[in-house]
Amino acid sequence: MARVVLTQPLPRVEALAGTLSAHGHDVATLAFTRVCSLRVELLEARIAAFDWVVAVSPAALDELAVALARRWPARGPGLALIGPGSVATLGRLGWEVPPDRVLVPSGPPFDAAALLRTAPLSRPSSLRVLVVRGDTGREDWIEALRRDGALVDVMALYEREPVVPDSGALAQLGRWRSSPMPVFCLFTQAGSAAALCALPEAAGLVGVQGQGIALAIHGRIADAARAVGFHHVRLIEPGEEAILAALE
């Protein structure tokens with residue numbers, strides 16, 4: 001059994017917490033934000049104008065499903081996904097998207113840059129691309145698509161609002177400090193490492209002698225964890241299977 005701190009936004013973090021608990025792990029859920037849907041009308045008709053829809057994360061894919069009343073259009077555009085977590089979400093949704101119309105990077109790192117190296121987005125001239133995401137996000141790869149000739153629109157399907165970390169999870173993390181057992185801290189966003197380390201209850205996770213083992217799904221996130229003092233940092237692939245493997 002491992003001790004695990006989860007920092008993903010609510011409500012998505014709850015499903016992962018349940019999975020890890022079912023595998024016998026001791027989980028502290030410390031979400032710092034909540035995903036809140038934004039109202040989008042007539043999306044099915046709007047996306048018919050695009051060749052590809054890029055969902056930047058599993059959260060974006062879930063919100064896309066909500067906006068489409070959980071039905072992928074029968075003659076819809078292709079669907080581009082960043083990595084295994086989004087592929088698993090697509091499987092759960094049960095959408096009948098033809099396999100040749102689902103685009104995913106072939107291997108790590110699973111990020112937008114890898115997606116842009118995958119055909120046809122590697123040569124996107126004249127492609128009509130809709131990027132669905134939250135109300136904020138990186139713009140560099142979107143501008144790269146535009147420079148290469150793609151016609152890109154960006155649509156925000158959700159926003160993140162700050163939340164106060166759960167008091168029970170904070171107390172649980174504080175109790176863990178009295179034991180030398182390692183504490184695995186999963187980060188899927190670069191800012192989560194700094195947010196966690198700002199908590200008094202997180203003292204003792206960082207430094208050479210720290211209990212904390214940061215699990216990061218991307219090199220940028222691993223660098224952010226190191227920057228706030230995590231000495232033990234492991235780069236893992238996204239998705240539940242990779243997370244479970246990292247805890248064994």
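For region 130-172, the tally of residues that are more than 23 Å from Leu43 (Cα to Cα), surrounded by 14 or more Cβ atoms within 10 Å (Cβ to Cβ) and touching a helix residue (DSSP H, G or I) at 6+ places or on another chain (Cβ under 8 Å) stands at 2.
So which residues in region 153-171 are closer than 17 Å to Leu10 by Cβ and out of contact with any Asp or Glu (no Cβ under 6 Å at 6 or more places or on another chain), if there are any at all? Once the filter is applied, which keeps residues that are closer than 17 Å to Leu10 by Cβ and out of contact with any Asp or Glu (no Cβ under 6 Å at 6 or more places or on another chain), region 153-171 yields Arg160, Glu161, Pro162, Val163, Val164, Pro165, Asp166, Ser167, Gly168, Ala169.
In region 118-141, of all residues being in contact with a strand residue (DSSP E or B) (Cβ under 6 Å, 6 or more places away or on another chain) and not in a loop (DSSP other than H, G, I, E, B), the one that is farthest from Leu64 (Cα to Cα) corresponds to Arg128. Only residues that are of a type in the set (S, T, N, Q) and either touching a Pro at 6+ places or on another chain (Cβ under 8 Å) or not assigned by TED's automatic domain parsing to the domain that holds Ile243 (or both) were counted in region 194-211, giving 1.
Within region 185-193, is there a residue that is in the same structural domain as Val228 (by TED's automatic domain parsing), assigned to a loop (DSSP other than H, G, I, E, B) and without any contact (Cβ under 8 Å) to a residue 12 or more places away in the chain? No, that holds for no residue. Checking each residue in region 219-237 for being within 16 Å of the chain's Cα centre (by Cα) and more than 16 Å from Phe184 (Cα to Cα) picks out Gly219, Arg220.
The values are calculated or read from the model by the stated rules, or taken from the named source; none is laboratory data. Everything quoted here is computed from the prediction, not taken from an experiment. Positions of Cβ are backbone-derived with ideal geometry, glycine not excepted, and every protein chain shown enters the neighbour counts.
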